[in-house]
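Written out below as C-alpha cells is the structure these notes cover.
All of the numbers you see were taken from the coordinates with simple rules; none came from a lab. Since this is a predicted model, take the numbers as computed values, not measurements. Backbone-built Cβ (ideal geometry, glycine too); neighbour counts: all protein chains shown.
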C-alpha cells in the first residue's frame with residue numbers, strides 16, 4: 001500500500017523563499033557590465049561553503065542566461081561548461097567562425113581552447129570582440145574555454161588578462177621577458193604560430209609595460225574575473 005508522505009512545512013517554506021528570491025532577482029534585471037556582474041557575484045559567494053557556492057552559482061548562472069545576450073557555444077568543453085553554469089539555453093555553432101559572427105550580431109560565445117584552432121588570434125584584428133570570461137574561473141586549474149562578447153569587462157579587483165604573441169621564443173623566455181617588465185605571465189595554449197598567455201591582474205591594451213613585449217604581432221584580447 002502506498003503511504004502518502006507527511007507534509008514538511010519547514011522545508012516548503014524554505015523552498016518558497018528560494019522561489020520568491022529568484023522571481024525578485026529576475027525582475028531586478030541585469031547589472032550594466034560584466035565586471036559589475038563579477039563583483040556582485042563575488043560578494044554573494046563570500047563566506048559560502050563549496051556546496052553552497054555551487055548551488056548559488058547554478059541559480060545565478062541561469063538568471064544570467066535569462067537576462068543576458070543569447071549564448072552560443074563552440075566545442076565539447078564549452079557545451080559542458082555552459083550547461084553547468086547557464087543551463088541548456090546555449091546554441092551550438094559548427095565552427096569558430098560561426099560563433100564569432102554570432103557575437104558580431106549581438107550574441108556572446110563560449111569557445112573551446114584547443115591547439116587545433118587558434119580562433120582567439122582573430123581578436124587581435126577585431127578589437128570590437130573581447131574576452132570577458134574564462135571557464136573554469138577558479139584558481140584550481142587552467143581555463144578550458146573563453147567567453148567572448150562585444151561589451152568589454154573592466155577591472156574587478158581579481159582578474160587575469162589574456163595576451164597573444166607570435167614570438168618564436170620559448171615560453172620560459174617570454175615569461176622571463178614579461179617579468180622584467182613587471183608582468184606575471186603564464187603560458188596557456190599555442191596554435192597556428194600564436195601563443196596565448198595569461199597575465200596576472202587587469203592589464204589594459206595600452207599598458208606601457210607591453211611596449212617591449214616580445215613578438216612582431218602581440219596584444220591583449222580581454223580579461224576575466226577569478227572567483
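A straight line joining the Cα centroids of segment 155-227 and segment 102-132 runs 17 Å. Projected label points at residue 83 and residue 9, each 7 Å from Cα along the beta carbon direction, are separated by 4.1 nanometres.
Compared with the dominant Cα axis of the chain, that is its longest principal axis, helix 50-67 is turned about 80°. Extension gain for the segment residue 116 to residue 31, taken as residue separation times 0.36 nm less the Cα-Cα distance, is 27.1 nm to one decimal. Given their separation in residues at 0.36 nm each and the Cα-Cα distance between them, residue 150 and residue 1 gain 47.7 nm when the chain is fully extended.
Between 24, 145, 83, the Gaussian network model of the chain with springs among Cα atoms under 10 angstrom shows the greatest mean-square fluctuation at 24. For the chain, a Gaussian network of Cα nodes joined below 10 Å ranks 68, 215, 182 by mean-square fluctuation, and the top entry is 182. Of all DSSP bridge pairs formed entirely within segment 29-186, close to 60 percent run antiparallel. Helix 171-180 and the longest principal axis of the C-alpha atoms of the chain enclose an angle of approximately 90°. With respect to the chain, whose longest principal axis is taken over its alpha-carbon atoms, helix 34-45 is tilted by about 50°.
In terms of other Cβ atoms within 10 Å, 112, 166 run from fewest to most in the order 166, 112. The overall shape of segment 173-227, judged from the alpha-carbon gyration tensor, is rounded, with an a/c ratio under 1.5. Computed extension length for residue 170-residue 104: 20.4 nm, one decimal, from 0.36 nm per residue of separation with the Cα-Cα distance subtracted.
Sort segment 118-227 into rounded, prolate or oblate with this rule: let a ≥ b ≥ c be the square roots of the eigenvalues of the Cα gyration tensor; rounded if a/c is under 1.5, and if a/c is not under 1.5, prolate when a/b is larger than b/c, oblate otherwise. Taking the square roots of the gyration eigenvalues as a ≥ b ≥ c, segment 118-227 is rounded.
For segment 1-125, a/c is not less than 1.5, where a ≥ b ≥ c are the root eigenvalues of the C-alpha gyration tensor, and a/b tops b/c. That puts it in the prolate class. Which of these values of semi-axes √(5λ) of the Cα gyration tensor in Å was calculated from the structure shown: (1) 34, 23, 18; (2) 31, 20, 16; (3) 37, 19, 16? Label of the calculated value: (3). If R0 is 45 Å, the Cβ-Cβ spacing of residue 211 and residue 21 corresponds to a FRET efficiency of close to 0.40.
The sum of -39500 (n - 2.57) across all DSSP H runs of n ≥ 4, divided by the residue count of the chain, sets its helix-only mean residue ellipticity at 222 nm to -11000 deg cm²/dmol.
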